[in-house]
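Heads up: the structure comes next, in structure tokens.
The values are calculated or read from the model by the stated rules, or taken from the named source; none is laboratory data. Since this is a predicted model, take the numbers as computed values, not measurements. Cβ placement follows ideal geometry from the backbone for every residue including glycine, while neighbour counts extend to all protein chains displayed.
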Amino acid sequence: MAITDEQDVDVGFPPDEDYAHLIEDYIHLAPPAEGELMQGHVVKVTPQEVIVDFGYKLEGLVPIEQVRGADGSVPFKAGDPIDVMIDRRGQQPEGYILLSYSKARGLRIWDTLEQAMREGLLVSGRVLERTKGGLIVDVGVPAFMPGSQADVRPVHDLDQFVGQDIPVKVLKLNRRRGNAVVSRKMAVEEEVVARKHDALEHLTEGAVVTGVVKNLTDYGAFVDLGGIDGLLHVSDMSHGRVLHASEVVQPGDEITVKVLKFDREKERISLGIRQLTPDPWENLAERYPPQTRVIGRVMSVTDYGAFVQIEPGVEGLIHVSEMTWSRRMKHPNKVMKPGDQVEAVVLEVKPKDRRVSLGIKQLEADPWTTVGQRYSVGSVVEGRVRKITDFGAFLEIEDGVDGLVHVSDLSWTKHVKHPSDALKKGQVMQAVILNIDPPARRLSLGIKQLQPDAWESFFRTHETGNLVRGRVCRSAAFGVFVEVAPGVEGLCHRSEIPPMPQSTGAAEESLLPIGEEYDFKIIKMNEGEKKIGLSLRAVAEDEERTRLEDYQRQAAAATMTIEEAMQIRGKGDDR
């Protein structure tokens, strides 16, 4: 039978589709190449090995030590996929092929690391230990991470990462040498950029968000809102007074804040906490009218007073002048300390200025309200010199009650230029009350009034024309001043001083010797101006006049005696 082109000739070959299956079976049955990575499936796990079906109509064994974890557990079970390679160096078990999971895993890890470096993918690793200049990170193979690549900010303590699972990026690989260099810094930067972009997309002014306090400054705190930081200013932390951010928050705290301002272009965000609660200052004046008694806690003490919290967000100032009626207190900390609970009286509320003035001395009666009943003009009191000024000295005669001793009321006789010449601060002394003015809180005192007025006594016991004995105490161009009584001086004008003999020893600059005593005649007296005029010339003239009068009387007496003698003699002649 002839064969033509149109006829099919059966030469014994299988159909095309069957031929394809035969080729696939042939390839499948061919032995794997040296170093070929294969993926098999776990058939069974025994205490000694893992039985794996890796194709080629064959099964292999993986020693159990290669798959056992650090805790002794085996992470595989029947049906799980597993990467393996033929291990020709070991002794082949009867009926099985010796396989290596560790070699396959290493090969797979390097492939994975190369792909991660090529595509910029993140790789998870565990920090094993610290080494010189950085850390050793297990990313399937031991990799080195320089200290500068640990974080976006300098890290001073690398030990904090040991034992942690961290995301890293592969920087360098050398499969032949088995070297790998990774960076956590690049992974963190990528995460920050992603979180920042997401945060910027969702942030709006007025939104209430949650963040973590990153760090504190003198003016506030920076809060991480998830990739972008916002500033929580100290003035927006509380309705009350906050001296430092550490009084409200600490680094690491998770807090809820309100977005006050958001500049998307400059990426600046202002945050607030106090805006989440009602402002207690809004109706404070109605809730705390003047003279209301409150109880609060002392928050801080300064040189000028103490701040007391009367309710959350509201602090009032007790000024040092409102702590006690006495003025002897040196510092507010002598009265109260931070943390003390105190009772006070509301003096004034200024909601616009967010100020409350408090006082504690108002809890006791004002001593000036009864000072007029307890003291009278002319009575003698005792007090301590509290303050000395140019015009006088203040004596505290009781707590809260001071009296002024004017410089003119210190002495009758001495000319006191400054009160400190006669008094010392802290000195205890007596004084006479001269005037009481309770509404003006003024009390006038005098010290010289404790002694009689020497001038008044002199004017009461002397008059013009009297002779007084006096000592020349000082000289002037127009005359000399003479002390005629303790504290009382009179002026003897130069016109009232007769020429003195040279033998007196008077100095050329003084009309009379200083310290010498003479008898003077009072020629003028002015009690209102406390002036006394003296004359030494008048004394001499009086003495001269007296001597003349004595001579005249003696002469008259002598003339009378002669006449009487003549008369007697005449009578004798008559006889």
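Filtered by the rule that a residue be outside any strand (DSSP E or B), in contact with a helix residue (DSSP H, G or I) (Cβ under 6 Å, 6 or more places away or on another chain) and within 30 Å of Ala485 (Cα to Cα), the range 392-409 gives Val407, Asp409.
Listed by first and then second residue, the pairs with beta-carbon distance under 8 Å, at least 6 apart or on different chains, first residue in the range 292-307 and at negative phi and polar (S, T, N, Q), second surrounded by 15 or more Cβ atoms within 10 Å (Cβ to Cβ) and not in a strand (DSSP E or B), are Thr302/Pro332.
Out of everything in the range 360-384 that is touching an Asp or Glu at 6+ places or on another chain (Cβ under 8 Å) and in a strand (DSSP E or B), what residue ends up being surrounded by the most Cβ atoms within 10 Å (Cβ to Cβ)? Only one residue tops the list, namely Gly383. Return the residue satisfying two criteria in turn: it lies in the range 201-221 and is over 27 Å from Glu282 (Cα atoms) and surrounded by 19 or more Cβ atoms within 10 Å (Cβ to Cβ), and of such residues it is nearest to the chain's Cα centre (by Cα). Ranking the candidates gives Val213 first.
Criterion applied to Val432, Val428 was being surrounded by 11 or more Cβ atoms within 10 Å (Cβ to Cβ), over 21 Å from Glu541 (Cβ atoms) and β-branched (Val, Ile, Thr), and the one residue passing it is Val432.
Residues that are part of a loop (DSSP other than H, G, I, E, B), exposed (fewer than 14 other Cβ atoms within 10 Å of the Cβ) and out of contact with any strand residue (DSSP E or B) (no Cβ under 7 Å at 6 or more places or on another chain): does the range 123-137 have at least one? There is at least one residue in the range 123-137 that is part of a loop (DSSP other than H, G, I, E, B), exposed (fewer than 14 other Cβ atoms within 10 Å of the Cβ) and out of contact with any strand residue (DSSP E or B) (no Cβ under 7 Å at 6 or more places or on another chain).
With a requirement of 2 or more residues that are within 30 Å of Leu395 (Cβ to Cβ), within 26 Å of the chain's Cα centre (by Cα) and not charged (D, E, K, R), the strands (runs of 3 or more DSSP E) lying completely within the range 244-359 that satisfy it span 293-302, 305-311, 314-319, 341-350, 355-359. Taken together, Arg153, Arg177, Arg118, Arg184 contain a single residue that is exposed (fewer than 12 other Cβ atoms within 10 Å of the Cβ) and under 41 Å from the mean Cα position of the chain (by Cα), which is Arg153. Pairs meeting the criteria (first residue in the range 410-432 and modelled with pLDDT under 80, second residue surrounded by 13 or more Cβ atoms within 10 Å (Cβ to Cβ), beta carbons under 7 Å, at least 6 apart or on different chains) are Trp412/Lys448; Trp412/Asp453; Trp412/Ala454; Trp412/Trp455; Trp412/Gly487; Thr413/Ala454; Thr413/Gly487.
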